[in-house]
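The values are calculated or read from the model by the stated rules, or taken from the named source; none is laboratory data. Quick caveat: nothing in here was measured; it's all calculated off a predicted structure. Glycine also receives a Cβ, built like all others from the backbone with ideal geometry; neighbour counts cover every protein chain displayed. For accessibility, only protein heavy atoms count, side chains too; no ligands or nucleic acids. Shrake-Rupley method; radii C 1.70, N 1.55, O 1.52, S 1.80 Å.
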Amino acid sequence: MPRLTTHVLDTAHGRPAAGVALQLWRITDGVREEVARTLTNADGRCDAPLLAGESLRPGTYELVFAVGAYFAGAGDAGAGDFLDEVPVRFVVRPGLDHYHVPLLIAPYSYSTYRGS
């Protein structure tokens, strides 16, 4: 079954990033439509796929991670002064089953890649 998943790793502290708020948007003709909103669990993952089955359609999507609030909650004073929200825009192509979009975060940097 086609599905879209993510997870967030806190590389500054060497642990999964629990409690990161995130939103998933579908972008069609320049218009953003929110399709999911959730928090990461203790493993830095979402409890269920963000989209699965027929709801994961080809097109452009954007994940927005609230990393500033996460680092403020982790006690990193001033960390949210640089990164607040991290948007990751990507394209889902027809015929591909699983999209995994991990995010590696630190107070002043981030990285992403197409996972498996």
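The charge dipole of the chain, taken about its Cα centre with unit charges on the Cβ atoms of Lys, Arg (+1), Asp and Glu (-1) only, comes to about 340 debye.
Averaged per residue, region 3-112 has 51 square angstrom of accessible surface, using a 1.4 angstrom probe with ligands and nucleic acids left out. Beta bridges assigned by DSSP with both partners in the chain are antiparallel in approximately 80 percent of cases. Over the chain, what is the relative contact order in percent, taking alpha-carbon pairs closer than 8 angstrom and at least six residues apart? Reported relative contact order: 31 percent. Phi angles across region 47-61 convert, under the Karplus curve 6.51 cos²θ - 1.76 cosθ + 1.60 with θ = phi - 60°, into 3J(HN,Hα) values of 5, 9, x, 5, 9, 8, x, 5, 6, 8, 9, x, x, 9, 10 Hz, Gly and Pro given as x.
Considering only protein heavy atoms and a 1.4 Å probe, what is the carbon-and-sulfur percentage of the accessible area of the chain? Roughly 52 percent of what the probe reaches on the chain is carbon or sulfur.
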